[in-house]
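For reference, the structure is listed below as structure tokens.
Rule-based calculations on the coordinates, nothing more; no lab input. Everything numeric in this text was worked out from a predicted model, so none of it was measured. So basically every Cβ, Gly included, is an ideal-geometry build from the backbone, and we count neighbours across all protein chains shown.
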Amino acid sequence: MLELFLLVAGAHFLALLSPGPDFFLLVRQSLAAGRRRGYLTALGIAAANGVYILMALAGLQGLARHAGFSRWLLVSGAVYLAWLGWAFWRAAAAPASLADSAAASSHERNAWLAGFLSGALNPKNALFYATLFGLLCARGMALAWQAACGAWMLLAVLLWDGLVAWAAGHPTVMRRFAAQLGRLHRAAAVFMWLASGSLAWQWLA
């Protein structure tokens, strides 16, 4: 069981290292408004992952095999990523000042929700956890060990995203990226739209 635990934990951590919508949202929030907002966004992302982990423990791997559920995830994810791309592109036209802490704090209450929606409406998260826990069930792993795997994955998401927020929110990093914030927004917007288009294509296929 320990060998299987390490295998799954390693696969999960490698997946974390691959930049996706959550990563770009987290970096943008931290650069634009500092570490506090980045940490709140990271908490939201971790909460969404936690929901999928609990669902996987409760049998998401069976639900994910239903075409209707998978298609709903694809449509929801495509719409949200398209909207998120538009929000990034609009922000690029007049990027917020990194020193404007008053404006940043007014949006802190939305940072957790933005992170949660980014993680919850990404169908890859649901399918990823369903696949991992499906593997654990197929290998006969006890529920207690599965719960331990889930707890480790949740902790890994929180620590990694917190580290990203800390690095992006560092004053030196913020100063260096301040002049590039508009380009970062546009690049993130294009990425979100490509990801949205990919999900829409899978839905139509």
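Once the Cα-Cα distance is subtracted from the 0.36 nm per residue extended length, the residue 187 to residue 148 segment shows a gain of 10.3 nm.
Compute the distance in nm between two label points, each set 7 Å from the Cα along the Cα-to-Cβ direction, one at residue 124 and one at residue 110. Computed distance between label sites residue 124 and residue 110 equals 2.5 nm.
Ranking of 36, 183, 28 by neighbouring Cβ atoms within 10 Å, starting from the fewest: 183, 36, 28.
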